[in-house]
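The structure under discussion appears below in the form of structure tokens.
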């Protein structure tokens, strides 16, 4: 049975007993260096003392793909400081959002001080604040703890084990819960070596550079590596999460003899709550230990788990009888494996009650038209197709619209009238998407309503 850590402090205390390499990275001078677990633990303990004397209630920690950033993260949390992680690879708008969120969080924290100046309810280590993806609603700030995140790492280890001798390529942003747990915390908790990705522009070559055994990634990253033929021969396992994974990616990886695991989780549950176990059916996922997953009457997935968030910053807890309603649709098969069916808010409910599952339309029409940036939304009570990243030349846009209307006419033939797409909107700008490529439906709807 694997050790379950209750805090970052207890995790870091265990580093002192290990001599293996914790982190492998490339310096600015192009040298590849390693830091042992013992050295990393000493660095964190030393920095914690400085942070306790200097930090405020909430800090933004910038992750620059180096060991010093990891030290900062652990030291601030152990010192009792709440943190938001910014990432040098993320768009500047995101990091500006992180700074604004930190100000909001400081205000909330300061308003909780009692007459003695102590923050009410504040005990032990600091919280880690992550943004939800904001695909179907405004992004919210999720309050996680070192306890919930360590529990998530333990759950993952129970389903997909790593250990000393394994090299995990860390190319996911740590500013998302999935990246934080699967691309960093999981490996450090159980003795693997983290190979820190070098930069946004070099990540496709990182597998050949670091020769990892395991790569946690989002589908778009794996697709880019496959396209560049940049996966190392020694790669054993790819863990995919964060977004639906197209079947061709899975097929291509398996042809190369690579084990494919697909994980399902949310920021609100400190990342994963279900993962592949039967490698011949990677989309069929078993619940992680202690994750009580249930399918509600309308098909929505609800969950109760020790990895649950404390709540959203500045909002009342979002639980019903201790359960979180995910907004995802799913079902269990005869082996009690979870199958995902999409998002509730990916469904348009038409005036007559008919339903349109938008991702299905978008995937079908993308294949038929060769256009990748498509979105289905509502306008005046009807379904419309919005094509983004197109020409800004009016004549060319008109010609493209005519071609798309012809394609849609054929597509509509097998659909009931209320489920047909009635119009096409051409846009020169890209459709609004999250950092990991998910379509932001609420923004697309707002833009279409204008």
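The values are calculated or read from the model by the stated rules, or taken from the named source; none is laboratory data. No experiment lies behind these values; they were computed from the predicted model shown. Methodologically, a virtual Cβ is constructed for each residue, glycine included, from the backbone with ideal geometry; neighbour enumeration extends over all protein chains shown.
From the list 207, 151, 189, which residue is crowded, with 20+ Cβ neighbours inside 10 Å, in contact with a strand residue (DSSP E or B) (Cβ under 7 Å, 6 or more places away or on another chain) and at pLDDT 95 or above?
Matching residue, one of 207, 151, 189: 207.
Determine whether residue 265 is within 20 Å of residue 342 (Cβ to Cβ) and either touching a residue at least 12 places away in the same chain (Cβ under 8 Å) or surrounded by fewer than 16 Cβ atoms within 10 Å (Cβ to Cβ) (or both). Judged against the criteria, residue 265 is a match. Among the residues of the stretch 418-446 satisfying the criterion of being in contact (Cβ under 8 Å) with a residue 60 or more places away in the chain and in a helix (DSSP H, G or I), which is farthest from residue 346 (Cα to Cα)? Restricting to residues being in contact (Cβ under 8 Å) with a residue 60 or more places away in the chain and in a helix (DSSP H, G or I), the top hit is 418. A search for C-beta distances below 6 Å between a residue of the stretch 307-322 that is assigned by TED's automatic domain parsing to the domain that holds residue 291 and surrounded by 13 or more Cβ atoms within 10 Å (Cβ to Cβ) and any residue that is at pLDDT below 90 and part of a loop (DSSP other than H, G, I, E, B), counting only pairs 6+ apart in sequence or on different chains, returns 311/317; 312/140.
None of 330, 381, 370, 375 is under 22 Å from the mean Cα position of the chain (by Cα) and not assigned by TED's automatic domain parsing to the domain that holds residue 142 except 375.
Among the residues of the stretch 213-231, those that are under 20 Å from the mean Cα position of the chain (by Cα) and not in a strand (DSSP E or B) comprise 218, 219, 220, 221, 222, 223, 224, 225.
Residues in the stretch 346-363 include none that are in contact with a helix residue (DSSP H, G or I) (Cβ under 6 Å, 6 or more places away or on another chain), surrounded by 17 or more Cβ atoms within 10 Å (Cβ to Cβ), without any contact (Cβ under 8 Å) to a residue 60 or more places away in the chain and within 24 Å of residue 441 (Cα to Cα).
Just one of 362, 396 is more than 24 Å from the chain's Cα centre (by Cα) and assigned to a helix (DSSP H, G or I); which is it?
On the way: 362 fails: more than 24 Å from the chain's Cα centre (by Cα).
Of the residues listed, the single one that is more than 24 Å from the chain's Cα centre (by Cα) and assigned to a helix (DSSP H, G or I) is 396.
Of 415, 404, all but one fail to be in a loop (DSSP other than H, G, I, E, B) and either outside the structural domain of residue 94 (by TED's automatic domain parsing) or touching a strand residue (DSSP E or B) at 6+ places or on another chain (Cβ under 7 Å) (or both); the exception is 415.
Put simply, of 257, 242, 234 the only residue that is in contact (Cβ under 8 Å) with a residue 12 or more places away in the chain, farther than 26 Å from residue 142 by Cβ and in a loop (DSSP other than H, G, I, E, B) is 234.
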